[in-house]
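Novice: This is the structure I want to talk about, given as structure tokens.
The values are calculated or read from the model by the stated rules, or taken from the named source; none is laboratory data. Bear in mind that the values here come from a model prediction, so they are computed numbers and not experimental data. Note that each Cβ is placed from the backbone with ideal geometry, even for glycine, and that neighbours are counted across all protein chains shown.
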Amino acid sequence: MRNTKKVAKWEIKRNMKNKTFLIGLFISPILFLAFYLIPDLFNNSDEDAVSTTVFVNDQLGVYENLEATVQQAGAEWELQPTDISEEEAAGALESEENSAYVFIDERAFDGGVLPVYQSEEISPDFINEVQLLGAPLQAMQIEELGLTPEEASVITQGVVFEEASPDASAETEAGMDDAFLERIVPGIFAAAVLLSIVFTGMAIFQSASQEKKDKIAEIILSSLTPGELMQGKIIGYFVLGIIQVLVFIVLVLPVLVWKIDVPILEYLFVPELALMLVIAVLGYLLFAALFVGIGATMADISTAGNFQGMIMMLPFAALIFVGPVFNDPSGIWAQVGSYIPFTSPAILILRLSLLEEWPWIEIIIGLAILIVSVWVFMKLAGKIFKIGILMYGKNATPGEIWKWIRA
Amino acid sequence: METMLTVDNLGKSFKDKKIVSNISFEVKKGEIMALLGPNGAGKSTTIRNIMGIMYPDEGTITFRDKGKKDIPRNKIGYLPEERGLYKNVKVMDILLYLAELKDYPLDRAKERALELLKKFDLEGKDKVSVEELSKGMGQKVQFIAAILHEPELLILDEPFSGLDPVSQELFKNEIRGLAQNGTAILLSSHQMNLVEEMADRLFLIHRGTKVIYGPLDDVKKQYANFKCTIHGVNERSLLESLPEVERVEQNEETAVLYLSKDVQPANWLKNLPAQLDVQELSIDRISLHEIFIDIATDKNLLKREENLDA
């Protein structure tokens with residue numbers, strides 16, 4: 001174990017001193033932020049341009065109510081009181097852009113129609129948006145009629161048609177939103193951790209085959225056993241993956257918290273996260289075992305054979321299931337995906353994020369399969385690594401690898 | 001002298017092919033023991049079995065602490081035949097890592113590394129990246145890595161391959177110095193002249209089996225008989241009829257006469273018959289080099305001698 005720690009420490013140190021690794025460490029969160037923020041940037045500037053100035057000639061004393069309504073609705077309006085007359089407004093609009101004049105007077109009670117004068121280049125949606133000013137005025141109308149507050153609320157409520165399904169009543173909708181976020185936020189986080197450590201773990205493969213190429217393997221192995229070397233690499237790259245996750249968190253999370261209205265931190269640190277992280281770590285160990293074993297069979301990454309290439313693609317096998325699982329998170333595809341060790345980490349995390357009721361039996365079976373697979377693959381990788389790491393100059397064929405495994 | 005390493009009846013096969021069999025030797029404190037043999041004789045396989053990189057099918061390997069089954073890796077320095085270094089790391093970093101793997105104290109390792117780098121003309125290279133070193137410099141760094149932790153047993157597999165004469169000399173002196181300070185050294189090579197200069201004892205291996213094993217001086221005495229090379233046109237039968245001649249190799253006008261062990265060169269020369277055609281004549285001992293070539297090319301010289309001995 002002491003030697004394992006030394007190897008792990010070395011792998012971490014070696015990578016942290018490597019410029020390529022350091023650049024990679026920061027480039028992915030920065031790219032993420034760039035993709036996330038740049039479209040946002042353009043959107044914002046667009047919206048600024050269409051911010052509309054609405055002048056209100058208020059004769060009924062409802063301006064404050066209107067202001068509150070506009071603020072609540074979040075319309076991009078700048079509300080301003082004015083005393084201008086209708087005739088003058090027509091003249092003023094010719095010299096102004098993106099503005100409108102609204103006249104609120106007795107006509108609201110007489111015919112219920114109020115005039116709006118708008119400049120030429122105003123957004124075509126404005127006339128629809130302006131209808132929201134109707135609500136406070138309607139309230140005034142009702143008040144004038146002298147109805148009781150109960151009667152008033154019945155009238156203002158209006159009649160709405162809403163989509164409904166037999167099992168989900170409208171009331172649980174809001175509650176589910178919260179629960180959904182509670183699951184999806186840790187799910188996304190766990191998936192990010194899985195992806196990050198698996199990607200960093202792919203470097204294990206590089207590290208093992210490089211050790212062969214540089215012919216240092218035998219020197220190293222004169223001081224420790226192949227098992228210690230392999231474990232050291234797996235642990236070392238795990239830590240590097242976690243460092244990647246930390247860098248991601250430090251760079252990206254503040255931006256997300258700032259940009260998104262959802263209280264991410266509250267949803268992130270929930271008990272569900274622990275199980276998802278355990279799944280992510282198991283997934284890492286499985287792929288790390290695969291990569292370190294395969295890396296030891298190869299003289300050079302550029303000469304990878306079909307067999308080795310296919311194994312490198314295994315982490316992406318989960319993508320096959322993503323579509324069906326989204327459609328039906330408890331369907332047959334979802335179950336199959338949870339039981340295949342190479343896809344189960346990603347699929348389990350996905351399902352746990354989507355499902356309200358966790359299928360504990362399936363989760364336990366899936367986890368058990370995963371744990372057994374990790375153990376088996378670690379053993380196999382150990383056997384392959386032991387022989388492969390000392391085979392110079394050529395790639396091992398699948399036949400040879402099979403022979404080592406049986407030995 | 002204390003025995004640091006005992007190899008007893010070692011045997012190893014790959015698939016059905018026997019690579020080495022019945023290999024037995026010892027390496028003692030303060031001596032240089034040479035493992036000799038042509039390419040493919042089984043030297044590296046023997047060494048890899050000692051280092052625990054392979055596991056022997058037969059026989060045992062014991063280190064000084066006989067009670068312990070584990071290989072005392074911390075006390076062994078190893079320079080493999082297939083060797084290299086991580087490319088994109090600094091010289092000092094890799095030296096310290098290798099020393100750390102041997103549980104050698106870090107500050108002491110740093111001190112010794114600087115000392116040794118200086119000794120091997122690599123002063124100031126400690127902060128240089130390995131990929132910037134020339135091949136020879138790289139080999140020096142590997143050698144330093146093998147001896148940095150002051151091993152009690154040093155195993156060098158073909159340490160001189162690829163070295164220029166100056167570096168060879170440097171390595172030779174360092175190895176001798178280490179032996180004088182009590183390090184047990186097992187050294188494999190196919191360069192007989194170097195071994196002849198350095199080794200105290202040797203083990204000659206061919207096709208995975210022992211050919212000769214013993215102190216260098218004894219081997220020389222035993223096997224390095226006199227031979228007489230004559231340029232001139234002579235009948236083979238005449239040459240063979242000369243006294244003390246065990247074997248004749250004739251090639252056009254040159255004949256090499258292998259003489260028996262007890263020959264008195266001066267007397268023997270005096271008694272050469274007058275009809276012998278001598279354009280040129282030389283008499284000297286068979287060198288280790290010749291013994292080596294002889295074995296590698298499967299001539300029968302040594303076998304005959306062994307039979308005679310028996």
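Novice: Just to be sure before I move on: is A:Phe307 crowded, with 20+ Cβ neighbours inside 10 Å, assigned to a helix (DSSP H, G or I) and touching a residue at least 24 places away in the same chain (Cβ under 8 Å) in the structure I sent? Give the steps one after another, and end with the answer.
Specialist: Values: crowded, with 20+ Cβ neighbours inside 10 Å: no; assigned to a helix (DSSP H, G or I): yes; touching a residue at least 24 places away in the same chain (Cβ under 8 Å): yes.
Considered against the rule, which asks whether it is crowded, with 20+ Cβ neighbours inside 10 Å, assigned to a helix (DSSP H, G or I) and touching a residue at least 24 places away in the same chain (Cβ under 8 Å), A:Phe307 comes out as no.
Novice: Now, a different point. With the condition kept exactly as written, say whether any residue in segment B:19-38 is within 10 Å of chain A (Cβ to nearest Cβ) and touching a residue at least 24 places away in the same chain (Cβ under 8 Å). I'd like the intermediate steps shown before the answer.
Specialist: If we filter segment B:19-38 for residues that are within 10 Å of chain A (Cβ to nearest Cβ), which is where we start, we get none.
Checking segment B:19-38: not a single residue is within 10 Å of chain A (Cβ to nearest Cβ) and touching a residue at least 24 places away in the same chain (Cβ under 8 Å).
Novice: Among the candidates B:Val27, B:Val7, B:Val20, which residue alone is part of a strand (DSSP E or B), closer than 17 Å to B:Arg207 by Cα and of a type in the set (A, V, I, L, M)?
Specialist: So the residue among B:Val27, B:Val7, B:Val20 that is part of a strand (DSSP E or B), closer than 17 Å to B:Arg207 by Cα and of a type in the set (A, V, I, L, M) is B:Val20.
Novice: Please count how many residues of segment B:255-280 are in contact with a strand residue (DSSP E or B) (Cβ under 8 Å, 6 or more places away or on another chain) and surrounded by 14 or more Cβ atoms within 10 Å (Cβ to Cβ).
Specialist: Number of matching residues: 10.
Novice: Next up: Being under 22 Å from A:Gly241 (Cα atoms) and surrounded by 13 or more Cβ atoms within 10 Å (Cβ to Cβ) is true for just one of A:Leu319, A:Leu265, A:Leu282. Which residue is that?
Specialist: A:Leu282
Novice: Scan (1) within 24 Å of the chain's Cα centre (by Cα); (2) of a type outside the set (Val, Ile, Thr); (3) more than 14 Å from chain A (Cβ to nearest Cβ) for the single condition B:Lys118 breaks and write down its number.
Specialist: B:Lys118 satisfies all of (1) within 24 Å of the chain's Cα centre (by Cα); (2) of a type outside the set (Val, Ile, Thr); (3) more than 14 Å from chain A (Cβ to nearest Cβ) except (1).
Novice: Suppose the filter is free of Cβ contacts under 8 Å to residues at least 24 places away in the same chain, in a helix (DSSP H, G or I) and either assigned by TED's automatic domain parsing to the domain that holds B:Ile286 or closer than 30 Å to B:Gln279 by Cβ (or both); does B:Glu240 pass it?
Specialist: Yes; evaluated as a whole, the condition is true for this residue.
Novice: Provide a single number: the residues in segment B:61-113 that are within 14 Å of chain A (Cβ to nearest Cβ) and in a helix (DSSP H, G or I).
Specialist: 16
Novice: If you check B:Lys110 against the conditions, is it crowded, with 22+ Cβ neighbours inside 10 Å, modelled with pLDDT of 90 or more, charged (D, E, K, R) and on the phi < 0 side of the Ramachandran plot? Walk me through how you get there before you give the answer.
Specialist: Numbers: crowded, with 22+ Cβ neighbours inside 10 Å: no; modelled with pLDDT of 90 or more: yes; charged (D, E, K, R): yes; on the phi < 0 side of the Ramachandran plot: yes.
For B:Lys110, the condition - crowded, with 22+ Cβ neighbours inside 10 Å, modelled with pLDDT of 90 or more, charged (D, E, K, R) and on the phi < 0 side of the Ramachandran plot - is not met.
Novice: Ok, one more. Can you find, within segment A:116-152, the residue that is modelled with the lowest pLDDT among those that are loosely packed, with under 12 Cβ neighbours inside 10 Å and in a helix (DSSP H, G or I)?
Specialist: A:Pro149
Novice: So in segment B:121-133, with the set limited to residues that are assigned to a helix (DSSP H, G or I) and out of contact with any Leu (no Cβ under 6 Å at 6 or more places or on another chain), which one is nearest to the other protein chains (Cβ to nearest Cβ)?
Specialist: For segment B:121-133, the residue satisfying everything is B:Glu131.
Novice: Considering only residues of segment A:307-341 that are among the polar types (S, T, N, Q) and under 25 Å from A:Met202 (Cα atoms), which is modelled with the lowest pLDDT?
Specialist: Here the residue is A:Gln308.
Novice: Restricting attention to segment B:134-145, does a residue exist that is surrounded by fewer than 21 Cβ atoms within 10 Å (Cβ to Cβ), not polar (S, T, N, Q) and not in a helix (DSSP H, G or I)?
Specialist: no
Novice: Also, I was wondering about something else. Between A:Ala208, A:Ala190, which is away from chain B (no Cβ under 13 Å), in a helix (DSSP H, G or I) and among the small types (Gly, Ala, Ser)?
Specialist: A:Ala190
Novice: Restricting the search to segment B:71-88, which residues are surrounded by fewer than 19 Cβ atoms within 10 Å (Cβ to Cβ) and β-branched (Val, Ile, Thr)?
Specialist: Hit for segment B:71-88 is B:Ile71, nothing else.
Novice: Count, please, the residues in segment A:256-282 that happen to be out of contact with any helix residue (DSSP H, G or I) (no Cβ under 8 Å at 6 or more places or on another chain), modelled with pLDDT under 80 and either closer than 18 Å to A:Phe238 by Cα or among the β-branched types (Val, Ile, Thr) (or both).
Specialist: 1
Novice: Of the residues that sit in segment A:231-251 and are more than 14 Å from chain B (Cβ to nearest Cβ) and within 28 Å of B:Leu133 (Cβ to Cβ), which one is farthest from the chain's Cα centre (by Cα)?
Specialist: This residue is A:Tyr237.
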